[in-house]
1. Condition first: under 14 Å from Lys33 (Cβ atoms) and either free of Cβ contacts under 8 Å to residues at least 40 places away in the same chain or in contact with a Pro (Cβ under 7 Å, 6 or more places away or on another chain) (or both). Now tell me which residues in the stretch 155-183 satisfy that.
2. Which ones in the stretch 90-112 are over 17 Å from Gly181 (Cα atoms) and either crowded, with 21+ Cβ neighbours inside 10 Å or in contact with a helix residue (DSSP H, G or I) (Cβ under 7 Å, 6 or more places away or on another chain) (or both)?
3. Return the residues of the stretch 54-74 that are more than 20 Å from Ala42 (Cβ to Cβ), surrounded by 14 or more Cβ atoms within 10 Å (Cβ to Cβ) and among the aliphatic types (A, V, I, L, M); say none if nothing qualifies.
4. Would you mind finding the one in Phe62, Phe50 that is assigned to a strand (DSSP E or B), farther than 18 Å from Pro112 by Cβ and modelled with pLDDT of 90 or more?
5. Name the residues in the stretch 88-107 that are β-branched (Val, Ile, Thr) and more than 12 Å from the chain's Cα centre (by Cα), would you?
Amino acid sequence: MKKSMLIILGLVFSFSFSYAQFEKDKSLNKRHKNITVGINGANLTQGAHFDMRFRKNKMNGFGFKVGVGGFSLRRFLSVRVAEEGIVTAPIQLNYVLGKKRHGLELGFGALPVYAKGGNTEVAIGNQNLAIDNIDLIGGLATIGYKFQPKNTGLSFAINSNHVITESAGTKSYLGIQIGIGFK
């Protein structure tokens, strides 16, 4: 589990380092960005996301979203203590339709997962997928409502996330995100 925490800390550090690079490059300061935390959705559990539009001074259009999430679990078995956990890292290209602060978000991407523990399973609908070390669950598609501030302020999203796997087919998860948006 210590490895998982190191991976999460590394990702958070890289996000903050990349944000510092955005601050230095004034051309990126005009792009709309959102940092959110969410429940369910693209991470399958709880997680955090960074979202940015590609075009300057536009709240809609093409962009990307990356995230990190997961959980840690300690179970006491009759003979030993079992520690299990997963770290998810959804990566998506997305498009926001709409004008001003309200939009319809459409996205597609992939969902890599790192799992630690004996026989760690992730529930995809009514089927459990066993994950060992690093695995790619499958494709990820998102459709939902997105509210973002014109400059800086509260951002909110509610979306339906569809995980596409070879063995379990397509399963849907409702996700809610809240955070801060800024230029």
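The values are calculated or read from the model by the stated rules, or taken from the named source; none is laboratory data. Because the structure is a prediction, the values reported are computed rather than measured. Cβ placement follows ideal geometry from the backbone for every residue including glycine, while neighbour counts extend to all protein chains displayed.
1. Ser155, Gly181
2. Pro90, Gln92, Gly107, Leu111
3. Of everything in the stretch 54-74, just one residue is more than 20 Å from Ala42 (Cβ to Cβ), surrounded by 14 or more Cβ atoms within 10 Å (Cβ to Cβ) and among the aliphatic types (A, V, I, L, M), namely Met59.
4. Phe62
5. Answer for the stretch 88-107, where residues must be β-branched (Val, Ile, Thr) and more than 12 Å from the chain's Cα centre (by Cα): just Val96.
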